[in-house]
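Have a look at the structure below before the remarks.
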Amino acid sequence: MIKLSNGGAYLLNGTEVVEVGADTEAQLKSKLGDKYLTKEEAAKNTMAYSILQAHNTSGNDEKLQIKFDKLTSHDITFVGIIQTARASGLEKFPIPYVLTNCHNSLCAVGGTINEDDHMFGLTCAKKYGGVYVPPHQAVIHQFAREMLAGGGKMILGSDSHTRYGALGTMAMGEGGPELVKQLLSQTYDINMPGVVGVYMTGKPIPGVGPQDVAIAIIGEVFANGYVKNKVMEFVGPGVENLSADFRIGVDVMTTETTCLSSIWKTDDKIKDFYETHGRVEEYKELNPGAVTYYDGMIYVDLSKIRPMIAMPFHPSNAYTIDELNANLMDILDECEKKAKVSFGDKVDFTLKDKVRDGRLYVEQGIIAGCAGGGFENICDAADILKNANIGCDAFTLSVYPASTPIYVELARNGKLADLMAAGAVVKTAFCGPCFGAGDTPADKALSIRHSTRNFPNREGSKIQNGQIASVALMDARSIAATAANKGFLTAATDIDVNYSKPKYFFDKTIYENRVFDSKGVADPSVEIKFGPNIKDWPEMVALTDNLIIKVVSEIHDPVTTTDELIPSGETSSYRSNPLGLAEFTLSRKDPAYVGRAKEVQAAEKAREKGECMGEVLPELREVMHTIKDRFDGVSKSNTGVGSTIYAVKPGDGSAREQAASCQKVLGGWANIAKEYATKRYRSNLINWGMLPFIYTEDELPFANGDYIFIPGIREAVENKSNDIKAYVVKNGDMKEFSLSLGELTDDEREIILKGCLINYNKR
């Protein structure tokens, strides 16, 4: 189904791939004659390169400073972003900024706090000149597809699944501080990323949907980092065989590969999408050049893709449904082993009890959000369920159309009635099932979902309370086939169905009647509404000359997700309150973290007041005594005290800045990692003034509870030193080792020196 090139590859005229080898240059010169291009020249013919350079303000082809065309956020990120920007002098949104309300839209937690956030968003849209989409109207990414995307444009969103490449828009999901920079007319600074081609051929067989293609790709490229922090560029004759909705469904899942962004070639099907939504002027034909070089090539034969399932607890844990059914007990055994790595003995996890007469039974199906809630997905699911029913046992099915216009059209064309007659519950646009705030199944239950992620706790269970449910990702069509078989896992290709493929009609009046659009006009007279949960960011101090950090959590899982660093689900309701949310940091991974971090922070607070740290945290007396014996001039006036965590590879998953800011709020001054799973998590650390240390050796010189002294850290950051001398301080002795910081821009160094982005912008 999927193959990967071993190295770079040329694409000729959009149809022929030549992989780089010993005789590539001669081969290309023979084929192309005077049209031959070097690798460096041909790399500039990617669609990604042209769009990035069109938005680059640096004048340097390699060191990019990007200004985006538009911004978008939802209701568990826009409060923190606007609060940060306000603290930095925000007067007006300089570019279109859309505030959607699709995460905390249920208002089911914490009394009024969710709706208070919504009113904050509405008044800010009025005051600063933005767009406000009320709860239940659309999930963030569907509204962006329908109303924001444009050919050749760039959009930055504070959600990791900000992906509109299928529509010819390069979109990126980042933590809130990167949006703050854009609101303050600053730039998004990156090196020119590598670009990997995704060469599609063939045509999907009936019953195969976009999630099947996406899971197959993720399964091949996640673990090996094939596209990490690169741009995925979709090309090849197979693209033409996919509808706009199908392309969108694959595109949104590229986030799970850890790529930076995505872009697709465009054609009349994408032009029709824009025309349907009344914005045909936003269409732009995009194609790679006649001779284009890619840093790698992913070959996707669409005709060979079969219905897929991503087993718990990662989208890359991929199998065909046929493979799972044929090797059921062996694969379930592998799932148990992987769960043991993450959960240890906290819960007794098994899926083997789901096997009934040799078939896997599931208790829940969900078709929802930016991945599953598209018009074609739901219509095909309705066709499968027409004249069927989901039964009256444990199995339930919920469907969430991604926007009210889609919901209305499903009602008008009869598909809504077919779904409900079959026993499905059709709900409003909401992202809850994707991040653990909606449709939480029963303890020990298995849910199959056409959504974006299946990390632990994303279904709403709580490991620390002994609860464990699990999610497998599937396409809407196979979920519907399973529902038609009353919960027994079934591939859509095993169902005989006539797909009706109704035409979609977009009703623009739905948004015209409900969405507040300032048209970019700010009204400074509007007073922002602050609910009692909305708090300002606490004061943060600049980086000191020297640093003492205590390791307060040590995580050796192969990958640590942002969900584990700061849980999603109902805790998301507290994201407008930095101190309140921080209480949940690592709560589902290392419940003792918060207490340990606070102990160290109390000592730092005493230091900042000029008081004795040793009285607050007595163990620091011996640490300081040991350090002073070896280093002259070290004192509490020039040596800060904070905490750090060690994780092998932290930051996979969500773009949420709170994975870093909550550590900072609790006195965190650094992370130490073998590598960072995503650029966006590392950027979040930097923007909150935290040092993104790297230690690549397998054997650690420190352990949880140890103190690390880093002399001259401020000078090292100022002088762009990468080899940072550090010392484990223990039992009156100091053991030297080295840390590195990796590449940092001048602005990033200044942000770290100032203590955070807010301080940086107060210059």
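Quick note: the coordinates plus some simple rules give every number you see, no bench work behind them. Given the structure is predicted, the values throughout are model-derived calculations rather than measurements. Reconstructed Cβ throughout: ideal geometry from the backbone, glycine too, with neighbour counts over all protein chains shown.
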For region 650-731, with +1 on Lys and Arg beta carbons and -1 on Asp and Glu, the positive-most of Ile724, Thr696, Ala659 along the dipole
Ala659
Divide by every residue of the chain the summed helix terms, -39500 (n - 2.57) for each DSSP H run of at least 4, and state the resulting mean residue ellipticity at 222 nm, rounded to the nearest 500 deg cm²/dmol.
-8500 deg cm²/dmol
So in the chain, what percent of DSSP beta bridges are antiparallel if you round to the nearest 5?
40
What share of the DSSP beta bridges in region 67-189 is antiparallel, in percent to the nearest 5?
5
Within the under-9-Å Cβ sphere about Ser738, not counting Ser738, Lys/Arg +1 and Asp/Glu -1 give a net charge of -1
With the dipole of region 67-189 defined by +1 on each Lys or Arg Cβ and -1 on each Asp or Glu Cβ, the option from Asn104, Leu183, Gly150 whose Cα lies farthest towards the positive pole is Gly150
How far is helix 78-87 tilted off the main Cα axis of the chain, in degrees rounded to 10, range 0 to 90?
40
Give the percent of DSSP beta bridges with both residues in region 546-760 that are antiparallel, rounded to the nearest 5.
45
State the Cα centre-to-centre distance between region 502-518 and region 257-336 in whole Å.
28
Give, rounded to the nearest 20 debye, the magnitude of the charge dipole that region 546-760 has about its Cα centre when Lys and Arg contribute +1 at Cβ and Asp and Glu contribute -1 at Cβ.
420
Under 22 Å between alpha carbons: how many lysine pairs meet that in region 67-189, if sequence neighbours fewer than 8 apart on the same chain are excluded?
15
Report, in debye and to the nearest 20, how large the dipole of region 549-619 comes out about its Cα centre when Lys and Arg carry +1 and Asp and Glu carry -1 on their Cβ.
160
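Which residues make up the longest stretch of the chain clear of GluC sites (Glu not before Pro) that lie in a DSSP loop with no more than 10 other Cβ atoms within 10 Å, not counting the sites?
63-526
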Which of Arg588, Arg145 comes first, and how do the rest follow, when ranked by fewest Cβ neighbours within 10 Å?
Arg588, Arg145
Hey, which lysines would be in cross-link range of Lys228, C-alpha to C-alpha under 22 Å, not counting anything within fewer than 8 residues on its own chain?
Lys3, Lys39, Lys44, Lys63, Lys265, Lys649, Lys674, Lys679
Starting from region 390-482, pick out the trypsin sites (Lys or Arg not before Pro) whose DSSP state is loop and whose Cβ has at most 11 other Cβ atoms within 10 Å.
none
Considering the Cα positions of region 202-330, please state its Rg to one decimal place and its Dmax as a whole number of Å.
15.8, 54
Which whole-Hz ³J(HN,Hα) couplings does region 356-364 yield from phi under the Karplus relation 6.51 cos²θ - 1.76 cosθ + 1.60, θ = phi - 60°, glycine and proline marked x?
10, 6, x, 10, 8, 9, 10, 9, 8
With the 8 Å Cα cutoff and a minimum separation of six or more residues, the chain has a relative contact order in percent of 14
Mind sorting Cys102, Cys124 by how few other Cβ atoms lie within 10 Å of their own Cβ, fewest first?
Cys124, Cys102
Placing each pseudo-label 7 Å from Cα in the direction of the beta carbon, Thr24 and Ala326 end up separated by a distance in nanometres of 3.5
Checked region 67-189 against the a/c 1.5 cut and the a/b vs b/c comparison, axes a ≥ b ≥ c from its Cα gyration tensor; verdict oblate
Distance between Cα centroids, region 592-659 to region 46-71: provide it in whole Å.
39
Roughly what would the spin-label model give for Lys628 and Met420, points 7 Å off Cα along C-beta, in nm?
7.5
Place +1 on the Cβ of every Lys and Arg and -1 on the Cβ of every Asp and Glu in the chain, take the dipole about the Cα centre, and give the residue among Cys259, Gly373, Asn546 whose Cα lies farthest towards its positive end.
Gly373
Using Cβ counts within 10 Å as a stand-in for footprinting exposure, how do His141, His556 rank, fewest first?
His556, His141
Residues whose placed amide H lies under 5 Å from that of Phe234, excluding near-sequence neighbours
Val198, Ile263, Trp264, Lys265
Taking the Cα centre of region 67-189 as origin and charging only Cβ (+1 Lys, Arg; -1 Asp, Glu), how large is the dipole, in debye to the nearest 20?
360
